[in-house]
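What follows is one structure encoded as structure tokens, with my remarks underneath.
The values are calculated or read from the model by the stated rules, or taken from the named source; none is laboratory data. Note that the structure is predicted; figures quoted are calculated from it, not measured. Ligands, DNA and RNA are excluded from the accessible area calculation, which covers all protein heavy atoms including side chains. Shrake-Rupley method; radii C 1.70, N 1.55, O 1.52, S 1.80 Å.
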Amino acid sequence: GVHRQVLFTTVGWFVGYFLTKRTEYIHAKLDRELFEYVRQHPEDFKKAEKKRMGELLETFYPVR
């Protein structure tokens, strides 16, 4: 009946809540490790020079 729907909804909400918290923790941990690696090895991650918009786009040839 209705009490089972309420029970399953509540259980599903709690399971989803804790699974979401766990995935956020795992992603935060991975981000922290990657940013630390990038900070310790700057020679592997050089900044690219800035390009102008015209250098990124192909030449435009109108079709008539």
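Data for the structure
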item	result
Alpha-carbon Debye profile of the chain, log10 I(q)/I(0) at 0.21, 0.28, 0.30 Å⁻¹	-0.93, -1.09, -1.13
Solvent-accessible heavy-atom area per residue, rounded to whole Å², over the chain at 1.4 Å	110
Full-extension gain in nm, His3 to Glu58, via 0.36 nm per residue minus C-alpha separation	13.4 nm
Percent carbon-and-sulfur accessible area, the chain, ignoring ligands, DNA and RNA, probe 1.4 Å	62
Nearest 10 degrees, 0 to 90: helix 2-40 Cα axis against the chain principal axis	30
